[in-house]
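**Student:** Can you keep this structure in mind? I'll have questions shortly.
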Amino acid sequence: MPGPPRPGHSSDSKRTGSDHRADVRQQRERISRMRSGFQATADAITQSAANADERVPGVVAMVTNRDRNIYEGAAGKLRIDLDRAIDADTHFALFSTTKAITGTAVLQLVEQGKLDLDAPARSYVPEIATLKVIEGFGKDGEALLREPRRDITVRMLMTHQAGLGYHFFNDLYDRLVRSGHPGIITATKTSLMTPLLFDPGERWEYGSNIDWCGQVVERISDTRLGDFFQARIFDPLGIESMTFEINDQVRANLATMHIREHGGSLKPIDFELPAKPEIHMGGHGLYGKVSDYMRFIRMWLNDGMGNHGRVLKPETVRMAEQNHLGHLKVTMLTGVDPTLSNDAEFFPGVPKSWALSFMVNDEKAPTGRPAGSLGWAGLANLFYWIDRKNGYGGFWATQILPFGDPTSFARYLEFETAFYDHL
């Protein structure tokens, strides 16, 4: 009789192969059960968000793995007083979810050796050197200004340490805008010429830093930012619909902006970023579909590879996802203009850092998102996350002001939590 199979014997190989196929089959079954369970829960969350008393007008929500979307959901309407359903082809004003795409363009120039993150930004955009630190206002109402103690570097811009802010999160900037300085949604060069709130590098303050990064990209590449995005990021990802310059095709499928009024009711408003902006604002100016943003998320999940070509090198992705704030931390966004933002913070009590250019939760988040994941948001209550550890990312899109909307923000967190519960 033959003895027991020896290592390397064909029967041992067959057994190993059979076990492997069984493992693969069981894994697929687990994934299928997870998807089925999450699909039902996620559908219930999006439908409930659109049907609640203090509801969202409409929402598109998606989750992707490294290969494809594993959940696509939509509920509600393009405009709350019209009978037209929101769907996967709906376009959104993406606001600050634009920032990560501009950050990716900066990283591409770093890879090419054309940009040094630690070089003074004035090397690329000389006019940034004219910005002075504001120390308040004199009795005549004029801003009290002084020279900054150090140069702004591109890394400071990428990590929101340059001293720049937003008027809806800062009282001094709010006073400047109320006195006539154009706000950033005007998409003008003048809107960027704001004083610094502190000496560069001293703390984290969320603001127009990435708009300046967009200017750096344009100057180095001698290319309009939208054209740079299309050739270097969107084409390799298979994205056709994202644009800084809204046209009739985009407008025909655009979700209407809504204001959450006192008492919780929603009011549609006529809001649109400039159709022909003087500047392509790298911090907030894109319009696009959630399905296209998922292609961008998949690129980050896949170490920089897109469907039609490489966008970033794997080593660049690994470098960029790290904490680049050092000992500094991301703080609460304190709303100053109640029409544009409430007080808002991701995961209060969880320390948060900043990567290039995303927020990083330093510890596991209450939703289940693991430590070291990437994510951020857009002013009209758009939220996304990128979990490179597990290979998943998600996006929740609404068009509601002010930011930190109690219904949309809470349902987004419920959506993300449901995903990790099923995972």
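**Student:** In the list 308, 284, which residue meets the criterion of being under 21 Å from residue 108 (Cα atoms) and over 20 Å from the mean Cα position of the chain (by Cα)?
**Tutor:** Exactly one of 308, 284 is under 21 Å from residue 108 (Cα atoms) and over 20 Å from the mean Cα position of the chain (by Cα), namely 308.
**Student:** Give me the residue from region 141-189 that is among the polar types (S, T, N, Q) and over 24 Å from residue 278 (Cα atoms) and, out of that set, least open to solvent (accessible area, probe 1.4 Å).
**Tutor:** Step one: list which residues in region 141-189 are among the polar types (S, T, N, Q), which gives 153, 159, 161, 170, 179, 186, 188.
Restricting the remaining residues to those that are over 24 Å from residue 278 (Cα atoms) gives 153, 159, 161, 170.
Working: 153: 22, 159: 0, 161: 22, 170: 23 Å².
So, considering only residues that are among the polar types (S, T, N, Q) and over 24 Å from residue 278 (Cα atoms), the one least open to solvent (accessible area, probe 1.4 Å) is 159.
**Student:** Which residues, taken from region 176-210, are at pLDDT 95 or above and basic (Lys, Arg)?
**Tutor:** The answer is 189, 203.
**Student:** Here's a follow-up. List the residue pairs whose Cβ atoms are under 6 Å apart, where the first residue sits in region 163-177 and is closer than 18 Å to residue 344 by Cα, the second is polar (S, T, N, Q) and buried (at least 19 other Cβ atoms within 10 Å of the Cβ), and the two are 6 or more positions apart or on different chains.
**Tutor:** 168/341
**Student:** A follow-up question, please. If we keep just the residues of region 104-134 that are closer than 16 Å to residue 310 by Cα and of a type outside the set (A, V, I, L, M), which is surrounded by the fewest Cβ atoms within 10 Å (Cβ to Cβ)?
**Tutor:** 112
**Student:** Mind checking which residues of region 336-353 are touching a helix residue (DSSP H, G or I) at 6+ places or on another chain (Cβ under 8 Å) and either outside any loop (DSSP other than H, G, I, E, B) or among the β-branched types (Val, Ile, Thr) (or both)?
**Tutor:** Of everything in region 336-353, those that are touching a helix residue (DSSP H, G or I) at 6+ places or on another chain (Cβ under 8 Å) and either outside any loop (DSSP other than H, G, I, E, B) or among the β-branched types (Val, Ile, Thr) (or both) turn out to be 336, 344.
**Student:** Are there any pairs with C-beta distances below 6 angstrom linking a residue in region 245-274 that is within 27 Å of residue 54 (Cβ to Cβ) to a residue that is of a type in the set (Ser, Thr, Tyr) and open to solvent by less than 60 Å² (accessible area, probe 1.4 Å), with the two at least 6 apart or on different chains, and if so which?
**Tutor:** Cβ pairs passing all conditions: 253/90; 255/90; 268/256.
**Student:** Would you mention how many residues in region 20-31 are open to solvent by 70 Å² or more (accessible area, probe 1.4 Å) and either within 13 Å of residue 419 (Cβ to Cβ) or modelled with pLDDT of 70 or more (or both)?
**Tutor:** Number of matching residues: 7.
**Student:** Here is a follow-up. Among the helices (runs of 4 or more DSSP H) contained in region 190-297, which hold 2 or more residues that are open to solvent by less than 10 Å² (accessible area, probe 1.4 Å) and within 28 Å of residue 163 (Cα to Cα)?
**Tutor:** Answer list for region 190-297: 209-221, 225-229.
**Student:** I'd like to check something: does region 345-356 contain any residue that is within 24 Å of residue 171 (Cα to Cα), of a type in the set (Asp, Glu), surrounded by fewer than 20 Cβ atoms within 10 Å (Cβ to Cβ) and at pLDDT 95 or above?
**Tutor:** Yes; the residues of region 345-356 include at least one that is within 24 Å of residue 171 (Cα to Cα), of a type in the set (Asp, Glu), surrounded by fewer than 20 Cβ atoms within 10 Å (Cβ to Cβ) and at pLDDT 95 or above.
The values are calculated or read from the model by the stated rules, or taken from the named source; none is laboratory data. Predicted model, so just to flag it, every value in this text is computed and none were measured. Using ideal geometry, Cβ is built from the backbone for each residue, glycine included, and neighbour counts are taken over all protein chains shown. Keep in mind that these areas ignore ligands, DNA and RNA; they rest on the heavy atoms of the full protein, side chains included. Shrake-Rupley method; radii C 1.70, N 1.55, O 1.52, S 1.80 Å.
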